[in-house]
1. Could you check region 238-280 and list, in sequence order, the residues that are surrounded by fewer than 15 Cβ atoms within 10 Å (Cβ to Cβ) and under 14 Å from Leu50 (Cα atoms)?
2. Do we have Ala317 as of a type outside the set (Ser, Thr, Tyr) and within 17 Å of Ser228 (Cα to Cα) here?
3. Which count do you get for residues in region 262-288 that are in contact with a Pro (Cβ under 8 Å, 6 or more places away or on another chain) and either over 10 Å from Pro119 (Cβ atoms) or without any contact (Cβ under 8 Å) to a residue 24 or more places away in the chain (or both)?
4. Taking region 198-217 as the search range and keeping residues that are touching a strand residue (DSSP E or B) at 6+ places or on another chain (Cβ under 6 Å) and in a helix (DSSP H, G or I), which one is surrounded by the fewest Cβ atoms within 10 Å (Cβ to Cβ)?
5. What's the number of the only condition in (1) surrounded by fewer than 21 Cβ atoms within 10 Å (Cβ to Cβ); (2) over 24 Å from Ala191 (Cβ atoms); (3) of a type outside the set (S, T, N, Q); (4) modelled with pLDDT of 95 or more that Pro119 fails to meet?
6. Here's a check for you: in region 158-197, which residue that is crowded, with 23+ Cβ neighbours inside 10 Å and part of a loop (DSSP other than H, G, I, E, B) is nearest to the chain's Cα centre (by Cα)?
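The values are calculated or read from the model by the stated rules, or taken from the named source; none is laboratory data. Small disclaimer: the values here were computed from a predicted structure and weren't measured. In this analysis, Cβ positions are derived from the backbone assuming ideal geometry, glycine residues included, and neighbour counts consider all displayed protein chains.
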Amino acid sequence: MHNHVKRWWLVAALSLATMAAQAQNYPHRSVRIVVPFAAGGPADNYARFLGQRLGEALGQPFVVENKPGAGSIIGTDAVAKAPADGYTLLMMSNTHTVNETLIPNKPFVLLRDFVPVAPVNYSDLVLVAHPALPVRNLQDVLKLARARPGKYNYASSGLGTPYHMAGELFKSMAGVYLVHIPYRGSSGARADILGGQVDLMFDAVTTMAEQARAGKVRAIATTGRQRSAVLPDVPTLHESGLPGYEATIWLGLMAPKGTPAAIVQQLNDAVSRIVSQPEVQQLWLKQGATPLLMNPQAFEKYLREDIDKWARVIQSAGIRAD
């Protein structure tokens, strides 16, 4: 018995030593960041930005790979099934926390199959109206929507996206009924709000600021807690009559469950250093993005709270994925 225990301790000590050694010379080859969305969106852009700087900080290339499809499920599942060695990471967004409720039968569960690494940043959205709609501010929109429930609509880049969820949170908090028109991706939705085929849309501040300044759409309100540095003259929904309203696009990194804690911590430290740099913060401010800083434990709590928040919106609105 005594020998068994001794042998068990030896094996345990050796495997801990191996893990520590792996973590110590991490990374010794290139690391993949899988983006489960199409190229050109915020997740892709910030993954590339971060990948370049992580590569410089840690001395190995961080290569971004786009694996879009099935509302982020395909790329995310590929990471869930990858080895838990720190060489495959996932760039995730609040689409993932929404999908926990919206798509219950997907092949993975976020906080069961992944370990939170670090958040990256969040960006405000803006509610815009086509100029032909007789609205100047939130009160006008509410008056119009309440007078004729179901007559007006809003576009989104698809079911379960942050744009769609911002609209559903708006409807539930304002007590109005707007028809949701989902598109496959943002570009179709944007084309149709500019063309006047749809009335309203929640979109990224960065994308829509230019169009609002050019008078092609009317910016009604932004969706963060504070006004956006990109559109400082536009009030928030929170201050315009929907106190407590907040819906952003946020991004973060996760790794497959079982990734050594030392590697997770090393990545968290590296990301935190990057997003804390004043020049990074200034650049992101111009783009409408605010850095998020949390250790892995705090990020996990943030994820749990976000899953709960959107579960309530989805359940009360009775939203179903087709």
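1. Once the filter is applied, which keeps residues that are surrounded by fewer than 15 Cβ atoms within 10 Å (Cβ to Cβ) and under 14 Å from Leu50 (Cα atoms), region 238-280 yields Asp269, Arg273, Ser276, Gln277, Glu279.
2. Values: of a type outside the set (Ser, Thr, Tyr): yes; within 17 Å of Ser228 (Cα to Cα): no.
No; evaluated as a whole, the condition is false for this residue.
3. Of the residues in region 262-288, 6 are in contact with a Pro (Cβ under 8 Å, 6 or more places away or on another chain) and either over 10 Å from Pro119 (Cβ atoms) or without any contact (Cβ under 8 Å) to a residue 24 or more places away in the chain (or both).
4. The residue in question is Ala212.
5. (1)
6. Selected residue: Thr161.
Each row is one residue, and each column tells you yes or no for (1) modelled with pLDDT under 70; (2) surrounded by 15 or more Cβ atoms within 10 Å (Cβ to Cβ); (3) over 30 Å from Ser186 (Cα atoms); (4) not assigned by TED's automatic domain parsing to the domain that holds Gly86.
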position: His4; (1), (2), (3), (4): yes, no, yes, yes
position: Trp9; (1), (2), (3), (4): no, no, yes, yes
position: Ala13; (1), (2), (3), (4): yes, no, yes, yes
position: Thr18; (1), (2), (3), (4): yes, no, yes, yes
position: Arg32; (1), (2), (3), (4): no, yes, no, no
position: Ala43; (1), (2), (3), (4): no, yes, no, no
position: Gly51; (1), (2), (3), (4): no, yes, no, no
position: Leu54; (1), (2), (3), (4): no, yes, no, no
